[in-house]
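Data block below; observations after.
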Ligand code: UD1
């Protein structure tokens, strides 16, 4: 079976990696890896291919940054040519970024079956670009691999036939399991002079937080308090850096002594950093899942989550941007950290299950 596999942005790389390894282990597949080039900086892209031992992409569309419409359109134009040249049996997309929806659209219009890994997640918030990408991708998909029970329910409610839905577990957790030991060799704690469980990690990149100075300002008021208690390490997404440089918000961050603004980290360094954090504050999707597996308290700086299992069973708390809520949740995380348990099938073998299903599939 010839399958084109699509990745484009940082959160895709840890999902595509175990699949590329699983095809090889299973045999009988001709996987082609297409990188759309949505993320292109070394720190957002190249380091991950190294850290995760992903084979270099067979094709790179090099689309780069642009508005949503232009970026999506550029990916579609480039990907259509790839499809016509390679004539795959199926296209596999992961996650919820613009590359995911763009390539699903192209494939389905060429009547090539679409496989979506990490299907069914819903925040219910259509102001999030990722929510639109999820809805459209799932509608177009022929095989939908789901990470948590809410995903199955969401898809059934939207009328997706049960025969297309497979609860396979979480491929991102496959990657975490595989590289956990290697991440322990990272020197990041030494180089930042940090002691285990005595610092917090912060990540912020969602438009709803970083494009709105008022919200950002609100978040900073409580981050200011936290950094007076323990160092807060903030590997800054390029979008956040660009949005805050020279602004009052940016200047306020620069003025906080214990808030350490650093460049984005590679996978292994970041995994080491989160593993030993006292608490993680983030608006990311994937970090909610990784902290659940690591048993590290996570405060999600968003009003909603598409990953409710991390709250129901894991170590995640949804706190939005309300300083009071964040303050209280932080105290709870430090003084009485949640125990949490491992969600069903987040066992490091999701890619293996997906590939076994693909073997039996007749597209
Ligand atoms: C994208 C995804 C988001 C994911 C995030 C992880 C969509 C809609 N969003 O958001 O779901 O959580 O990736 O990082 O697909 N930039 C660089 N270098 C890069 C990439 C981006 O400097 O390698 C800067 C550019 O100024 C760009 C901005 O970051 O305009 C935003 O990048 P983009 O890929 O459009 O969206 P993200 O915010 O990264």
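The values are calculated or read from the model by the stated rules, or taken from the named source; none is laboratory data. Nothing here was measured: the structure is a model prediction, and the numbers come from that model. No Cβ is skipped: glycine too gets one built from the backbone with ideal geometry, and neighbour counts run over all protein chains shown.
Annotations
- Test: residue in segment 101-109 that is within 26 Å of residue 300 (Cα to Cα), at pLDDT 95 or above and in contact with a strand residue (DSSP E or B) (Cβ under 9 Å, 6 or more places away or on another chain): yes
- Among the conditions (1) modelled with pLDDT of 95 or more; (2) touching a helix residue (DSSP H, G or I) at 6+ places or on another chain (Cβ under 8 Å); (3) surrounded by fewer than 18 Cβ atoms within 10 Å (Cβ to Cβ); (4) closer than 30 Å to residue 66 by Cα, the only one that residue 302 does not satisfy is (3).
- Considering segment 199-220, the residues that are surrounded by 13 or more Cβ atoms within 10 Å (Cβ to Cβ) and away from the ligand (no atom under 16 Å from the Cβ) include one that is farthest from residue 264 (Cα to Cα), namely 218.
- Yes/no for residue 66 being surrounded by fewer than 20 Cβ atoms within 10 Å (Cβ to Cβ), within 16 Å of the ligand (Cβ to nearest atom) and at pLDDT 95 or above: yes
- Filter pass, residue 266 being within 16 Å of the ligand (Cβ to nearest atom), closer than 18 Å to residue 178 by Cα and in contact with a helix residue (DSSP H, G or I) (Cβ under 7 Å, 6 or more places away or on another chain): yes
- Taking every residue in segment 69-97 that is without any contact (Cβ under 8 Å) to a residue 40 or more places away in the chain and pairing it with any residue that is assigned to a helix (DSSP H, G or I), at least 6 positions away or on another chain, the pairs with Cβ-Cβ distances below 7 Å are 71/98; 72/98; 72/101; 72/102; 76/102; 76/105; 76/106; 80/106.
- Test: residue in segment 239-258 that is touching a strand residue (DSSP E or B) at 6+ places or on another chain (Cβ under 8 Å), in a loop (DSSP other than H, G, I, E, B) and within 16 Å of the ligand (Cβ to nearest atom): no
- Residue in segment 208-216 that is under 23 Å from residue 127 (Cβ atoms), in contact (Cβ under 8 Å) with a residue 24 or more places away in the chain and assigned to a loop (DSSP other than H, G, I, E, B) present: yes
- Residues of segment 26-54 satisfying the condition of being within 16 Å of the ligand (Cβ to nearest atom) and not in a loop (DSSP other than H, G, I, E, B): 34, 35, 42, 43, 44, 46, 47, 48, 49, 50, 51
- Cross-chain or 6+ apart pairs with Cβ under 7 Å, segment 125-138 first and without any contact (Cβ under 8 Å) to a residue 24 or more places away in the chain and assigned by TED's automatic domain parsing to the domain that holds residue 93, then surrounded by fewer than 18 Cβ atoms within 10 Å (Cβ to Cβ) and in a helix (DSSP H, G or I): 126/132
- The one condition in (1) in contact with a helix residue (DSSP H, G or I) (Cβ under 8 Å, 6 or more places away or on another chain); (2) within 30 Å of residue 180 (Cα to Cα); (3) away from the ligand (no atom under 16 Å from the Cβ) that residue 15 fails to fulfil: (3)
- Only residues that are outside any helix (DSSP H, G or I) and within 11 Å of the ligand (Cβ to nearest atom) were counted in segment 1-12, giving 2.
- Filter result for residue 75 (surrounded by 19 or more Cβ atoms within 10 Å (Cβ to Cβ) and within 13 Å of the ligand (Cβ to nearest atom)): yes
- Residue in segment 179-198 that is at pLDDT 95 or above, under 22 Å from residue 289 (Cβ atoms) and in contact with a strand residue (DSSP E or B) (Cβ under 8 Å, 6 or more places away or on another chain) present: no
- Qualifying helices (runs of 4 or more DSSP H) (wholly inside segment 78-173; at least 2 residues being within 16 Å of the ligand (Cβ to nearest atom)): 98-109, 129-140
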